[in-house]
Amino acid sequence: MIELQKMDIVNIKQCGDIHLRAFRFETSDDYAEHSTELSDSLRKCYDFTHYFSRFIEDYDKYAFCIISDEQIVGYITALEIPSLVDDNAI
């Protein structure tokens with residue numbers, strides 16, 4: 001069963017790992033051999049704590065972990081956009 005759980009500070013490292021795996025930069029055929037090295041260097045470039053904290057703390061941003069079999073398998077981030085004509089938002 002798949003479920004959504006509101007992201008908290010404890011989930012940030014796992015979601016950062018998922019982000020790096022999803023958006024990796026494969027530059028050669030021996031990528032797998034160097035993937036840990038690349039992951040570490042990319043992690044230094046990305047401040048996942050700062051990035052995800054904005055979605056956890058700000059009133060108009062949202063972050064959810066996608067849970068399957070009690071493990072985080074993905075994440076969703078969203079930004080609330082107010083309507084120009086009424087009190088609704090998307």
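The values are calculated or read from the model by the stated rules, or taken from the named source; none is laboratory data. None of these values were measured; they are calculated from a predicted model. Every residue, glycine as well, gets a Cβ built from its backbone with ideal geometry; the counts of neighbours run over all protein chains shown.
Taking segment 43-72 as the range and being surrounded by 15 or more Cβ atoms within 10 Å (Cβ to Cβ), without any contact (Cβ under 8 Å) to a residue 60 or more places away in the chain, among the aromatic types (Phe, Trp, Tyr) and closer than 23 Å to Ala89 by Cα as the test, the residues that pass are Tyr51, Phe52, Phe55, Tyr62.
Each row is one residue, and each column tells you yes or no for (1) outside any loop (DSSP other than H, G, I, E, B); (2) modelled with pLDDT of 85 or more.
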| position | (1), (2) |
| --- | --- |
| Glu3 | yes, yes |
| Lys13 | yes, yes |
| Asp17 | yes, yes |
| Ser39 | yes, no |
| Thr49 | yes, yes |
| Tyr59 | no, yes |
| Cys65 | yes, yes |
